[in-house]
Amino acid sequence: MSETLSVSDSDDGDFQNQTFIPSEWIGIGKVYTKELPGHVQRAKNTAIAVPSTFLSLLPDNELPVLQFLAVPLPEEDFSIKMVAIEE
C-alpha cells in the first residue's frame, strides 16, 4: 500500500499539513493508543467513514427505538444472477 493521504487541520499544532504515509503505520507492529497523532487519527476516520452516498439509506440517529424497529427491511433477492465474464 504505497498511497499517501494528505490531511490538514488547524487544531493539530505541529502535525498541521503532515501527510499520512500508510507504510509508516500499517503492518509494522505499532501499538495503537488513544494518543495517535492528529494526522493518523484523521486518516483512520476517513478510512472508516460511511460514504455519503450510503448515509441517506440509514435511519435518522435521533429515531426512537420503537420507530427504528418498525422500519421495513428491504426485500431479499435470492435469485441467481448469471454474468458473462470477459477474458
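The values are calculated or read from the model by the stated rules, or taken from the named source; none is laboratory data. Since the model is a prediction, treat every value here as computed from it, not as a measurement. Here Cβ is always computed from backbone atoms with ideal geometry, including for glycine, and neighbour counts include all displayed protein chains.
Quick check: anything in segment 62-78 surrounded by 10 or more Cβ atoms within 10 Å (Cβ to Cβ) and in contact with a Phe, Trp or Tyr (Cβ under 7 Å, 6 or more places away or on another chain)? No, that holds for no residue. Taken over segment 15-57, the criterion of being surrounded by 10 or more Cβ atoms within 10 Å (Cβ to Cβ), part of a helix (DSSP H, G or I), of a type outside the set (G, A, S) and within 17 Å of the chain's Cα centre (by Cα) is satisfied by P22, H39, V40, Q41, R42, K44, N45, T46.
Please indicate, with yes or no, whether at least one residue in segment 58-77 is polar (S, T, N, Q), at pLDDT 85 or above and assigned to a loop (DSSP other than H, G, I, E, B). First the steps, then the outcome.
Taking segment 58-77 and keeping what is polar (S, T, N, Q), we get 61, 67.
Now narrow it down to the ones that are at pLDDT 85 or above: 61, 67.
Keeping just the survivors that are assigned to a loop (DSSP other than H, G, I, E, B) gives 61.
Yes, that holds for at least one residue.
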